[in-house]
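Undergrad: The following block contains the structure, expressed as structure tokens.
The values are calculated or read from the model by the stated rules, or taken from the named source; none is laboratory data. Remember, predicted model here, so these are calculated numbers, not experimental data. Note: ideal-geometry Cβ built from the backbone for every residue, glycine included; neighbour counts use all protein chains shown.
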Amino acid sequence: MLLNVSKVTVQFGGVTAVADLSLEIGRGELIGIIGPNGAGKTTLMRVITGMVRPTSGRVFLKGTDITGWTIDQRVRSGLALAQQIVKPLATFTLAENVALACGSRRMGSPWRAMTTLDRKAELEQAKALLELVGIGAAAHDYPSEVPLGYLKCLELARALALEPDLILLDEPLAGLNQAEAAEMADRIAALVTDARSIILIEHNLREVVRICPRLFVQDHGRNLDFGPTQQVMANPKVRAAYLGGGAD
């Protein structure tokens, strides 16, 4: 098992954001995590990445208990996060932004990589990754010169540069129009391999249902359903949760 979230609960003061959640993901899987606003999806993601320490429960990566590990330790062990709000280094080209991520995988720090690496090999690897996510032609452009869709692809390339076993994608389709979202969703699905899994946290239900073989549904901090996509979407409780709404 690649990832095992076991009976995790997260409380902030008197508020329970995540309640006794369990989730298992194997290698080569693309799992969509969905739910109405306020379901606790972001909190679950932060528990997996190490941004939030659970009140109770454990998180295992490749069979190792990582509950007390730092974010850096998790990244070095095969976990990568592509965030919703992309924050590239504005004075670096897209290729240079990805090259820093390539270097930090080996050096442990992007800043150390920036000052100590002969970046030729990293730049070549970065260009290959930008080609993989469909924006190789923009490798020498700066972040301010490309549209939002390209920046989303850049974030994907930076995550891939870490050579992860598991990538968590936090609303990668946010802000994209319908055509751009469909194209990005196809790119995400194509990145899944026998050795690489992806967790997709996304509000664009149309695209999640289209590309994800399995769905994990949260509502009010709890797991509402987990299974094959069509089966989950046919669950009356899932439909009721989406009709209800709330605030994340």
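Undergrad: Which residues, taken from segment 145-172, are acidic (Asp, Glu), in contact (Cβ under 8 Å) with a residue 60 or more places away in the chain and outside any loop (DSSP other than H, G, I, E, B)?
TA: Hits for segment 145-172 are Glu155, Asp170.
Undergrad: Residues that are within 15 Å of the chain's Cα centre (by Cα) and charged (D, E, K, R): does segment 203-220 have at least one?
TA: Looking through segment 203-220, none of the residues is within 15 Å of the chain's Cα centre (by Cα) and charged (D, E, K, R).
Undergrad: Which pairs turn up if I take residues in segment 173-188 that are touching a residue at least 60 places away in the same chain (Cβ under 8 Å) and look for partners that are part of a helix (DSSP H, G or I) with beta carbon separation below 7 Å, at least 6 apart in sequence or on another chain?
TA: Ile188/Ile211
Undergrad: Of the numbered conditions (1) assigned by TED's automatic domain parsing to the domain that holds Gly227; (2) at pLDDT 90 or above, Glu96 satisfies every one except a single condition; which is it?
TA: (1)
Undergrad: For segment 178-222, which residues satisfy the criterion of being among the β-branched types (Val, Ile, Thr) and more than 20 Å from Thr42 (Cα to Cα)?
TA: Of everything in segment 178-222, those that are among the β-branched types (Val, Ile, Thr) and more than 20 Å from Thr42 (Cα to Cα) turn out to be Val192, Thr193, Ile211.
Undergrad: Still on this model: So the check is Cβ under 6 Å with 6+ separation or different chains; which pairs have a first residue in segment 195-210 that's under 7 Å from Gly32 (Cα atoms) and a second one that's surrounded by 21 or more Cβ atoms within 10 Å (Cβ to Cβ) and not β-branched (Val, Ile, Thr)?
TA: As it stands, the answer is Ile199/Leu168; Leu200/Gly32; Leu200/Leu169; Ile201/Lys41; Ile201/Asp170; Val208/Gly32; Val208/Glu202, since those pairs meet every condition given.
Undergrad: Select the helices (runs of 4 or more DSSP H) contained entirely in segment 174-248, then report the ones holding at least 1 residues which are under 29 Å from Gly134 (Cβ atoms).
TA: Correct list: 178-190, 205-211, 229-233.
Undergrad: Hey, can you tell me all the residues within segment 193-220 that are hydrophobic (A, V, I, L, M, F, W, C) and surrounded by fewer than 19 Cβ atoms within 10 Å (Cβ to Cβ)?
TA: Across segment 193-220, the qualifying residues are Ala195, Leu205, Val209.
Undergrad: Do we have Ile33 as at pLDDT 95 or above, out of contact with any Ser or Thr (no Cβ under 8 Å at 6 or more places or on another chain) and under 24 Å from Leu156 (Cα atoms) here?
TA: The answer is yes for Ile33.
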